[in-house]
Each structure stands twice: as structure tokens, then as C-alpha cells.
Amino acid sequence: MKKYVLKRLAIAAVTLLVILLVLFMMLEMMPGSPFNDEKITQAQRALLDAKYGLDQPIFVRFLNYIKAMLSGDFGVSYVIQKNMPISTMLGGRLPVSMQIGLQAVVLGTIIGLLLGIVAALKRNSFADSLTTFISVIGVSFPSYVFALGLSYFLGSKLKWFPILYTTSKPFISTILPTIALSMFTIATVARFARSEMIDVLGSDYLLLSESKGVNRRRLIYIHALRNALIPIITVLAPLVVGLMTGSLVIEQIFSIPGIGSLLVTAIQVNDYNVIIAVTFIYSVMFIAIMLAVDILYGIIDPRIRLAKGDNHG
């Protein structure tokens, strides 16, 4: 298992370096610069480029950025909040986006699994039909539709929750965006959980075990659920990154000071360091989650680990 994990960590590190290099090259090809103010003369722009090292060759800047990044320095903002360290800017925004996303992941996964399992166990019943209906609604409507509906009914009409995010009530302010974000996850997980559980429950080995008198509850919650988890985790993994880093539209609807809105603003004003830092964080989180999923595969089903060449455990 150790060799298996180390190999994937090495691949993840190389992948991140390639992503960072591609980001630098793409920004190099972007029109304009961070200093597009018409009041700034060409000479002043050249001085600013020299001050921030933007006049250096791209590979020199790339290597310098990596060295600084390894010490926790992501540079400073050129435009949005001039000369403010990126780490300071992200420090107040990243936790908010991650909190809402993590809450949505947990809520969506738990409810989705429960709905899917109940629907599979009670196939062709009212519970099954209800789960199918929820799944169709969840994947058919974008999260902002649920956000607007929740804001109107639970926020404006019933006044149970604040419509806009407020620092005085940080947790209560995250409830509506969490529910709105989790709807797609609930629908997706429920649909796949139902399908996989039905397949596993109808498999030969499970039917044979049941005929031999093995406790049905044990079969369902230990053997069937375990075998159904692998494809569910595969579907869930890409969703997790988007949820944990927050949805741009959801952040705008509820005025959440997250990193999604920061990234869009940075792109609009060519704030290179902010673009690189936020995009890099997205990449790190995506690769970290996919790595965790890869390792979970090996834990849930050791045959996967062996098939990928980890014969030494």
C-alpha cells in the first residue's frame, strides 16, 4: 500500500507542475497586462513590470514563483487590492467557500445514499418513485434555481434564514446555499446508489449467500453497500471539488465572499497572481480528492491495488 500511495503522490506532484506551467504560458498569451490604466504612461508601465518582475522571461518567472510558493508566498495582488499578499486575500475567502462546499458534500452524500438504498430495497414502491422524481428534479434544474426559490420562500416569505451572507451569523447564513448546492449531489448519488444497489442485490454471489442463511441485513450493509460504493465514489469525486470551492453563481446570489467571485474579478482585470493562486488551489484540491479516491479504491477493494501493480501491499 505504501508503494501504491507514493507512486500516486509523485504523479500528482508532476501534474501540478505541468498545470502551473500551462497557467503561466496561458497568461503570457493573454492580451493586455495588469496595468491597463489609461492614465499610466508606457514608461510607468515598464517600471511597474520591472518592479514586479513581469519583464523577465517566462521560465525565470515560473522558477521564481515555484521557489516562493514552496515557502507559502503566492505573491501580491497587482490590481484588486494592490500589494496585498495573496495568502492574506485567500485567508478570509477560502474557508467560507470550503465550509459551504463541505456541508453540501456531506448533506448531499448522506441524503443521496439513504434515498438510493431505500429505493433499491423497496423497488417499484412509492419510495422508489419519490427517489426517481427527486433525482430528475435535482439534475434538471441548476443550483441557482433552487437558490432563488429557497431565498424567496425560506428567506423572504418565512424569514427563517438570512437571504444574504452575514458575518454576524456565519453558520445560519450558509444553510440556504448549502441546500441549493447539495441538490445536484443528492440527485446524482441517489440515482447511482439505487442502480448499483439493485445490481449488487441481484448478483449471484449475494443470492447464494442469502440462500445459505446469511443474515440479510448483514448482506445489505456490509457486502452489498461496500461493492456499490466504488462507482458511487467515482461519480462523487469530481463533484466534491466544485462544491468545496463554492459555486460562483451561488456566491453571487447570497453575496458570499468566496474564492469563485475573486477568480472572475481577477480574470477581468488581469490580476495574474490572483488568477494563478486561485486556479492552482482548484487544481490542488481536485488532484488531492482524486488521489484520495484512488487510495479509497485500494482500501475498499484490494484487487484494484494489486491490478495496478502494488504486489507488495
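The values are calculated or read from the model by the stated rules, or taken from the named source; none is laboratory data. As the structure is a prediction and not an experimental result, all values here were calculated from the model. For neighbour counting, all protein chains shown are included, and Cβ atoms are generated from backbone atoms with ideal geometry for every residue, glycine included.
Please find, among Leu219, Leu263, Leu225, Leu296, the residue that is closer than 30 Å to Lys122 by Cβ, modelled with pLDDT of 70 or more and aliphatic (A, V, I, L, M). Let's see the steps before the verdict.
On the way: Leu219 fails: modelled with pLDDT of 70 or more; Leu263 fails: closer than 30 Å to Lys122 by Cβ; Leu225 fails: modelled with pLDDT of 70 or more.
None of the others qualify; the one that does is Leu296.
Residue check: is Ser255 in a helix (DSSP H, G or I), at pLDDT 70 or above and either in contact with a strand residue (DSSP E or B) (Cβ under 6 Å, 6 or more places away or on another chain) or hydroxyl-bearing (Ser, Thr, Tyr) (or both)? So Ser255 fails the test.
Confirm whether Ser168 is in a helix (DSSP H, G or I) and either within 23 Å of the chain's Cα centre (by Cα) or at pLDDT below 90 (or both). Against the criterion (in a helix (DSSP H, G or I) and either within 23 Å of the chain's Cα centre (by Cα) or at pLDDT below 90 (or both)), Ser168 does not qualify.
Applying the selection to region 153-196, what residues are of a type in the set (Phe, Trp, Tyr) and closer than 14 Å to Thr131 by Cα? Step through it out loud before you land on a result.
Quick first cut of region 153-196, residues of a type in the set (Phe, Trp, Tyr) only: 153, 160-161, 165, 171, 184, 192.
Correct list: Phe184, Phe192.
Considering Ser97, Ser77, Ser71, the condition of being under 17 Å from Tyr165 (Cβ atoms) and among the hydroxyl-bearing types (Ser, Thr, Tyr) is satisfied by Ser97 alone.
Residue check, Phe133 against (1) in contact (Cβ under 8 Å) with a residue 24 or more places away in the chain; (2) part of a helix (DSSP H, G or I), all met but one. Which one? Every condition holds for Phe133 apart from (1).
Looking across region 86-111 at every residue that is of a type outside the set (A, V, I, L, M, F, W, C) and crowded, with 17+ Cβ neighbours inside 10 Å, the one that is nearest to Val240 (Cα to Cα) is identified as Gly101. When Leu114 is tested against (1) buried (at least 18 other Cβ atoms within 10 Å of the Cβ); (2) farther than 25 Å from Ser283 by Cβ; (3) among the hydrophobic types (A, V, I, L, M, F, W, C), exactly one condition is not met: (1). From the list Arg61, Arg93, the lone residue that is within 30 Å of Pro177 (Cβ to Cβ) and among the charged types (D, E, K, R) is Arg93. If only residues of region 258-273 that are of a type in the set (S, T, N, Q) and part of a helix (DSSP H, G or I) are counted, the one that is surrounded by the most Cβ atoms within 10 Å (Cβ to Cβ) is Asn273.
Is region 281-294 home to any residue that is within 30 Å of Lys169 (Cβ to Cβ), in contact (Cβ under 8 Å) with a residue 24 or more places away in the chain and either crowded, with 21+ Cβ neighbours inside 10 Å or over 12 Å from the mean Cα position of the chain (by Cα) (or both)? No.
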